[in-house]
Structure formats: C-alpha cells, structure tokens
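For reference, the structure is listed below as structure tokens.
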Amino acid sequence: MSSRNKKDDPEKMAQMHRWLEAVRTQLQLQEDPLKDVESELLSLIGTVAHGPSRPGAPLTAFLTGYMTGKGANAQEIIAQLQNLAENWQD
C-alpha cells in the first residue's frame, strides 16, 4: 500500500465529491456550504477520529454544522474545535 493517506487518494476524493453532490441535490441545496471549509473540516474530523474519539468524529462534524446553522462562523468553529482536539487530554 502507498504511504499516502487514503483521504488523499484522488479516486476516493472524487467518490466523496460525487456523494456530496448527490446529498446536496437530495437536500435541494443551491449552494455548496462545504466549498470554503472542506479541507479544514476534513482535518478536524481526522484529528478527532485519531485523537479524542473515533465515533465522536462524525458527531463533531454534525455539531459544527449545527452551530453554523445557528449563525456561527464555520471557520471559527472549526478552528476552535481543532485546537480543542489537538490539545485534548482525557
């Protein structure tokens, strides 16, 4: 197996983008809310999954979206949670 992370695999990334486009279509989203935060959000989820809690990673993404939907700045929320995850001591 290559030393490259699976998340960097162009085929996996293309599959992810096809999936997310189908999700946006299903949810009838006209805009792409991930456009400006995709890389940072993936980094956060990876940090959480390989640090504080693997099952907490998708729920962290949900809570990030929840707060953004309530008007919070997504990039600020992601940065705060990235810092929390990187410095997590259980």
Answer with yes or no whether Pro10 is exposed (fewer than 10 other Cβ atoms within 10 Å of the Cβ) and closer than 27 Å to Gln89 by Cβ. no
For Met1, the lone unmet condition from (1) outside any helix (DSSP H, G or I); (2) of a type in the set (A, V, I, L, M, F, W, C); (3) at pLDDT 95 or above is (3)
Out of Lys6, Lys35, which single residue is modelled with pLDDT under 95 and out of contact with any helix residue (DSSP H, G or I) (no Cβ under 7 Å at 6 or more places or on another chain)? Lys35
Go through Ile78, Ile45 for me and flag whichever is more than 20 Å from Trp19 (Cα to Cα) and within 10 Å of the chain's Cα centre (by Cα). Ile78
Could you list all residues from region 40-75 that are surrounded by 13 or more Cβ atoms within 10 Å (Cβ to Cβ) and charged (D, E, K, R)? Glu40
How about region 22-62: which of its residues are assigned to a helix (DSSP H, G or I) and free of Cβ contacts under 8 Å to residues at least 12 places away in the same chain? Ala22, Val23, Arg24, Thr25, Gln26, Glu38, Ser39, Ala49, Gly56, Leu59, Phe62
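The values are calculated or read from the model by the stated rules, or taken from the named source; none is laboratory data. Because the structure is predicted, anything quoted here is derived from the model rather than measured. Cβ coordinates were reconstructed from backbone atoms using ideal geometry, including for glycine residues, and neighbour counts include every protein chain displayed.
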